[in-house]
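First up is the structure itself, then whatever we jot down about it.
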Amino acid sequence: VSNHVANADDDKPNAVSSQVKQYEPDFYKKRKTLTRYSYKGDASDSSVQAVVQGHVSRCPDLVTNDTVIQNYIINLLKECIDCGVDGFRFDAAKHIETEDDGEYASDYWKNVTTSASSYYTQKTGNDLYIYGEILNVTDNRTGDAVLYNVAKGKASSAANATYQSGVAASNAVIWAESHDTYEGNSGSWGYSNTSSVSDENVVKAWAIVASRKDSTALFFARPGTALMGNVSTDSTYKSTAVSEINKFHNLFVGQSEKLGSSGDIAYVARGTSGIVLSNCKGTNASVSISGTGLADGKTCA
């Protein structure tokens, strides 16, 4: 999160939380110059300034054109890379100015991404993965629909191949749930908030969204009873099921897909040799599926 910092009071969007002082005392001393203290507006699409300098969710907007802020972010990314991180999701990317934003433009993206990417390549020889969250184009509704239909036992609806936001698969970022749907009320379809949905159903939905062709999927690690900044007490994100679906996705990159259902089973078939089955009711089932393009045989899943 490099667009904003925690707020002290929802009624004072430019007031930095005193908790920041505990972790970054130097930043806290300079908070009025390192955040857009003088700008009182919330983020909106009403103007370029409101988009890139407005306060998102009433949290103080960081002065991302300042090299001090940029170096904070660059150093954090390098620290994460040293810990083995291979990619980053930039929260609220739409609200950080680009070089094409006229009088509000800056070199933030060029400096930050170039520094992080170069550092990663020097250490690993590979390319760093970077994704910017832009809610206008992120296809949250597809994952929301899958999760809702899985939880309601509607396999045929869960296996709908349509991307709900109308974007191409290669541009789609989907999930079973996100921090916004788990902790807030931004979910679409039948769940505005997903915290009541079981871990089991989240994983079943993940099996569908993450095994698809071309799109990118994100798995949210539920915090459980952990407080902000602490390791999650809900270890579902480390489960065998989640891990194997991730491996499946990588194994079948570039191969065709076919979604469908049989009874209570939703499935995603990939190429001529891979299929993921998601039981939308219960944990055991015997199912016969044809017309997928896969070789005949018995499958355990």
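Residues in segment 27-48: is at least one in contact (Cβ under 8 Å) with a residue 40 or more places away in the chain, in contact with a helix residue (DSSP H, G or I) (Cβ under 9 Å, 6 or more places away or on another chain) and surrounded by fewer than 17 Cβ atoms within 10 Å (Cβ to Cβ)? Before the answer, list the steps.
Within segment 27-48, the first condition is being in contact (Cβ under 8 Å) with a residue 40 or more places away in the chain, and the residues that meet it are 27, 43, 48.
If we keep only those that are in contact with a helix residue (DSSP H, G or I) (Cβ under 9 Å, 6 or more places away or on another chain) too, we end up with 27, 43, 48.
Filter once more, keeping what is surrounded by fewer than 17 Cβ atoms within 10 Å (Cβ to Cβ): 48.
Yes, because at least one residue in segment 27-48 is in contact (Cβ under 8 Å) with a residue 40 or more places away in the chain, in contact with a helix residue (DSSP H, G or I) (Cβ under 9 Å, 6 or more places away or on another chain) and surrounded by fewer than 17 Cβ atoms within 10 Å (Cβ to Cβ).
Mind listing whichever residues of segment 219-264 are of a type in the set (G, A, S) and outside any loop (DSSP other than H, G, I, E, B)? Steps first, please.
Of the residues in segment 219-264, the ones of a type in the set (G, A, S) are 221, 224, 226, 229, 232, 235, 239, 241, 243, 254, 256, 260-263.
Result: S235, A241, S243, G260, S261, S262.
Which pairs do you get when a residue that is open to solvent by 50 Å² or more (accessible area, probe 1.4 Å), found in segment 114-138, comes within reach of a residue that is among the acidic types (D, E), reach meaning Cβ atoms under 7 angstrom, with the pair 6+ apart or on two chains?
Pairs found: T121/D127; Y129/D86.
Any chance you could count how many residues in segment 242-267 are among the small types (G, A, S), under 25 Å from the mean Cα position of the chain (by Cα) and surrounded by 15 or more Cβ atoms within 10 Å (Cβ to Cβ)?
Step one: list which residues in segment 242-267 are among the small types (G, A, S), which gives 243, 254, 256, 260-263, 266.
Remaining after also requiring under 25 Å from the mean Cα position of the chain (by Cα): 243, 254, 256, 266.
Adding the requirement that they be surrounded by 15 or more Cβ atoms within 10 Å (Cβ to Cβ) leaves 266.
Residues that pass the stated criteria total 1.
Given the structure, is R270 under 25 Å from S196 (Cβ atoms), of a type in the set (D, E, K, R) and open to solvent by less than 30 Å² (accessible area, probe 1.4 Å)?
Details: under 25 Å from S196 (Cβ atoms): no; of a type in the set (D, E, K, R): yes; open to solvent by less than 30 Å² (accessible area, probe 1.4 Å): yes.
Against the criterion (under 25 Å from S196 (Cβ atoms), of a type in the set (D, E, K, R) and open to solvent by less than 30 Å² (accessible area, probe 1.4 Å)), R270 does not qualify.
I'm trying to understand the selection: among the residues of segment 195-223, which are open to solvent by less than 40 Å² (accessible area, probe 1.4 Å), free of Cβ contacts under 8 Å to residues at least 60 places away in the same chain and over 17 Å from the mean Cα position of the chain (by Cα)?
Correct list: V197, N201.
Hey, can you tell me all the residues within segment 166-183 that are open to solvent by 10 Å² or more (accessible area, probe 1.4 Å) and under 20 Å from G260 (Cα atoms)?
Selection gives G166, A168, A169, W175.
Failed condition for V231, given (1) touching an Asp or Glu at 6+ places or on another chain (Cβ under 6 Å); (2) loosely packed, with under 13 Cβ neighbours inside 10 Å, with all others met?
(1)
State all residues of segment 49-72 that are open to solvent by less than 30 Å² (accessible area, probe 1.4 Å) and under 19 Å from the mean Cα position of the chain (by Cα); if no residue qualifies, say none.
V56
Residues of segment 16-63 being touching a strand residue (DSSP E or B) at 6+ places or on another chain (Cβ under 6 Å) and basic (K, R), which ones?
Answer for segment 16-63, where residues must be touching a strand residue (DSSP E or B) at 6+ places or on another chain (Cβ under 6 Å) and basic (K, R): R31, R36, R58.
Mind telling me which of the residues N140, N111, N126, N171 ends up being farther than 24 Å from A43 by Cβ and out of contact with any His (no Cβ under 6 Å at 6 or more places or on another chain)?
Numbers: N140 fails: farther than 24 Å from A43 by Cβ; N111 fails: farther than 24 Å from A43 by Cβ; N171 fails: farther than 24 Å from A43 by Cβ.
Answer to the check: N126.
Just to be sure, is N284 open to solvent by 90 Å² or more (accessible area, probe 1.4 Å), more than 24 Å from the chain's Cα centre (by Cα) and not small (G, A, S)? Talk me through it step by step, then tell me what you get.
Values: open to solvent by 90 Å² or more (accessible area, probe 1.4 Å): yes; more than 24 Å from the chain's Cα centre (by Cα): yes; not small (G, A, S): yes.
Considered against the rule, which asks whether it is open to solvent by 90 Å² or more (accessible area, probe 1.4 Å), more than 24 Å from the chain's Cα centre (by Cα) and not small (G, A, S), N284 comes out as yes.
Check S290, S239, S235, S286 and return the single one that is closer than 17 Å to K204 by Cα, at pLDDT below 90 and of a type in the set (S, T, N, Q). Don't jump to the end; show me each part of the working.
On the way: S290 fails: closer than 17 Å to K204 by Cα; S239 fails: at pLDDT below 90; S235 fails: at pLDDT below 90.
Exactly one residue qualifies, and that residue is S286.
Residue check: is V150 within 25 Å of L259 (Cβ to Cβ), touching a Phe, Trp or Tyr at 6+ places or on another chain (Cβ under 7 Å) and either among the aliphatic types (A, V, I, L, M) or touching a residue at least 60 places away in the same chain (Cβ under 8 Å) (or both)? Don't jump to the end; show me each part of the working.
Details: within 25 Å of L259 (Cβ to Cβ): yes; touching a Phe, Trp or Tyr at 6+ places or on another chain (Cβ under 7 Å): no; either among the aliphatic types (A, V, I, L, M) or touching a residue at least 60 places away in the same chain (Cβ under 8 Å) (or both): yes.
Spelling it out, it is not the case that V150 is within 25 Å of L259 (Cβ to Cβ), touching a Phe, Trp or Tyr at 6+ places or on another chain (Cβ under 7 Å) and either among the aliphatic types (A, V, I, L, M) or touching a residue at least 60 places away in the same chain (Cβ under 8 Å) (or both).
Collect the residues in segment 57-90 that are among the acidic types (D, E) and over 22 Å from K40 (Cβ atoms), keeping them in residue-number order. Write out each step before concluding.
Quick first cut of segment 57-90, residues among the acidic types (D, E) only: 61, 66, 79, 82, 86.
Within segment 57-90, E79, D82, D86 qualify.
The values are calculated or read from the model by the stated rules, or taken from the named source; none is laboratory data. Just so you know, these numbers come straight off a predicted model, no measurement behind them. So basically every Cβ, Gly included, is an ideal-geometry build from the backbone, and we count neighbours across all protein chains shown. The protein model used for the area step is the full one, side chains on, heavy atoms only, and it has no ligands, DNA or RNA in it. Shrake-Rupley method; radii C 1.70, N 1.55, O 1.52, S 1.80 Å.
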